[in-house]
Amino acid sequence: MMDHKGFNELHGIQMMLTSTAGALHKLANGWERGSGLLSSLGERLNPEQRELLHNAAQLIDSIGHNLAHAKEQRVRSEKDAKRRQDARMARSKQLVAMTYPLPAKTQEQRLEILQAALILNRARQFYTSYSTLDFNLYLRNGLTAPEGLYGASLEHYRSGNLRSLRYTLIDDVTHHLAYDDGCSVEDRLRRLQEKVADAVAQAPLTAQERETLRLWKEAYCADSAKHAGAM
C-alpha cells in the first residue's frame, strides 16, 4: 500500500508536470505578459518550434493525466483491499469466538486453555518459534515466581500468565484465519482443524503435555487449599 510519503512524492511529481506543461503552452502561444528571458524567447519562435512546444506540452499533460488516473486507481484498490481485509477479520473473530471461546472461570476451563495451547503448538499452529519441548517448558516456567513479584501474589502472577496465554492464542488464531492467501476464512479454519486433528490422532496428549497440565493442576489445587485455609 502507498504510504503518506509516497502520496506526497506523487503529488509533487504531478505539480511539477503541470507546471512544466503550463510553461510550455504559454511559451508556444507567444506569452507576452511580463518581461524577461521567457517572454523574449517566445517572441523569437517560428511556427514549427511553437508546434513542437505544443506537442511536448500535450505529451507532458497526458503523462500527468495518466499519473493522476493511476493514483486514483491505486487509492480505490487499496480501499477495496482494506474493506476485504476488514471483512475477513470480522469473520475470523466470529469463527474464533465459536471455535475457541476458552472461558477461564473454573479450574477445568483454565486447564482446557493450556491443553488447547499445547495441542495447537504441537500441530504447529501456535508459538511455532518454540519446539513442543520448549513450549512445555515455557508454560511450566509460568508457574515459578520471578525474582520479584513487586507486591503481587504468586497466584496473581500465575493468573496473569494464563490470561496472557489465552489472549495471545485467540489473537494469533484470529490473525491466522484472517490472513488472505486466496482461501476463505472458513477454509483456513478447516485446514487448521485438520492439522489439530492429525496431531490429536497421533497422541491425544503426550507425556510432556500431561506433565505440564499436572503441574498446573497441582498449583491450582495448592492455591485453592491456601484460600480455604485462610477463610
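The values are calculated or read from the model by the stated rules, or taken from the named source; none is laboratory data. Small disclaimer: the values here were computed from a predicted structure and weren't measured. Reconstructed Cβ throughout: ideal geometry from the backbone, glycine too, with neighbour counts over all protein chains shown.
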Requested in this report: Please tell me if residue 112 is surrounded by 12 or more Cβ atoms within 10 Å (Cβ to Cβ) and either over 27 Å from residue 193 (Cβ atoms) or not small (Gly, Ala, Ser) (or both).
Outcome: yes
Query raised in the report: Counting just the residues of region 41-52 that are under 57 Å from the mean Cα position of the chain (by Cα) and modelled with pLDDT under 75, which one comes out surrounded by the fewest Cβ atoms within 10 Å (Cβ to Cβ)?
Result: 41
Query - Residue selected from region 53-88 under the condition farther than 16 Å from residue 188 by Cα, loosely packed, with under 13 Cβ neighbours inside 10 Å and of a type in the set (Lys, Arg), by the criterion modelled with the lowest pLDDT - result: 76
Report summary line: Only one of 140, 91, 122 is in contact with a helix residue (DSSP H, G or I) (Cβ under 7 Å, 6 or more places away or on another chain), surrounded by fewer than 18 Cβ atoms within 10 Å (Cβ to Cβ), modelled with pLDDT of 95 or more and assigned by TED's automatic domain parsing to the domain that holds residue 218, namely 140
